[in-house]
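The values are calculated or read from the model by the stated rules, or taken from the named source; none is laboratory data. These figures come from a predicted structure and were not determined experimentally. Virtual Cβ from ideal backbone geometry, glycine too; neighbours counted across all protein chains shown. With ligands, DNA and RNA removed, areas are computed over all heavy atoms of the protein, side chains included. Shrake-Rupley method; radii C 1.70, N 1.55, O 1.52, S 1.80 Å.
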Amino acid sequence: IVSLVRNIVPSQVRIPVFVIIIATFVTMVDLFLKAFLLDLSKALGPFIPLIVVNCIILGRAEAFASKNKVWLSFLDAFGVSLGFTVTLVFLGGIREILGMRTFFGAQVLGNGFEPWIVMLLPPGAFITLGFLLGAKNSIDRRLAQKKNSGA
């Protein structure tokens, strides 16, 4: 599939597209193993999902570190790592608050709030990410409109 799309994918998004393709197939294999070869899936543990993480790391290395000096690559790696950490804590925090009424184990919503079980499941991450990206796009659009109307 990578070979099929390599000529139609713009070079600016080539690596992310390839990572998504690889991650999709790795996830399909993981789900297949869980459905039909549970013992093998348990034996492999986290190693199958780690392939996806390694793809992301290799993609970033190819996109930046292979084209820049060591110090800049170190700063990039630190910044990207910090950004991923903040994003995951923020995303996970929203999911935990809405799914369990807690944040890092401390109750933040009262018993009157009915937890959204979907937030504890994988689709909850995609739903939350979708809303966050929608909010970001809305803010960006408003800022662009203000900039254009003020200029």
Return the residue satisfying two criteria in turn: it lies in the range 111-130 and is small (Gly, Ala, Ser) and either closer than 20 Å to Leu88 by Cα or in contact with a strand residue (DSSP E or B) (Cβ under 8 Å, 6 or more places away or on another chain) (or both), and of such residues it is most open to solvent (accessible area, probe 1.4 Å).
-> Gly130
Would you call Phe103 in contact with a helix residue (DSSP H, G or I) (Cβ under 7 Å, 6 or more places away or on another chain), surrounded by 11 or more Cβ atoms within 10 Å (Cβ to Cβ) and among the aromatic types (Phe, Trp, Tyr)?
-> yes
Under the condition of being more than 16 Å from Pro16 (Cβ to Cβ) and assigned to a loop (DSSP other than H, G, I, E, B), which residue from the range 57-72 is most open to solvent (accessible area, probe 1.4 Å)?
-> Lys69
Filtered residues of the range 131-145 (kept if closer than 22 Å to Gly92 by Cβ and open to solvent by less than 100 Å² (accessible area, probe 1.4 Å)) = Leu132, Leu133, Gly134, Ala135, Asn137, Ile139
Condition test on Phe47, is it open to solvent by 50 Å² or more (accessible area, probe 1.4 Å), of a type outside the set (S, T, N, Q) and over 20 Å from the mean Cα position of the chain (by Cα)?
-> no
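Yes/no matrix, rows are residues, columns are (1) over 15 Å from the mean Cα position of the chain (by Cα); (2) modelled with pLDDT of 90 or more; (3) of a type outside the set (D, E, K, R):
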{"residue": "Gly93", "(1), (2), (3)": "no, yes, yes"}
{"residue": "Thr102", "(1), (2), (3)": "yes, yes, yes"}
{"residue": "Glu114", "(1), (2), (3)": "yes, yes, no"}
{"residue": "Phe131", "(1), (2), (3)": "no, yes, yes"}
{"residue": "Ile139", "(1), (2), (3)": "yes, yes, yes"}
Give the residue that is modelled with the highest pLDDT, with candidates limited to residues of the range 2-17 that are open to solvent by less than 80 Å² (accessible area, probe 1.4 Å) and over 19 Å from Arg60 (Cβ atoms).
-> Val5
Out of Ile51, Ile22, Ile8, sole residue that is of a type in the set (Val, Ile, Thr) and not in a helix (DSSP H, G or I) | Ile8
Can you tell me which of Ala23, Ala35 is modelled with pLDDT under 85 and among the aliphatic types (A, V, I, L, M)?
-> Ala23
List, please: which pairs have Cβ atoms under 8 Å, are six or more places apart or on different chains, and start with a residue in the range 13-41 that is on the phi < 0 side of the Ramachandran plot and without any contact (Cβ under 8 Å) to a residue 12 or more places away in the chain and end with one that is of a type outside the set (Gly, Ala, Ser) and surrounded by 13 or more Cβ atoms within 10 Å (Cβ to Cβ)?
-> Leu40/Leu33; Ser41/Asp30; Ser41/Leu33; Ser41/Lys34; Ser41/Ile48
Output for Cβ contacts, cut-off 6 Å, separation at least six or different chains, first residue closer than 10 Å to Glu96 by Cα in the range 113-127, second open to solvent by 70 Å² or more (accessible area, probe 1.4 Å) and aliphatic (A, V, I, L, M), reads Pro115/Met100
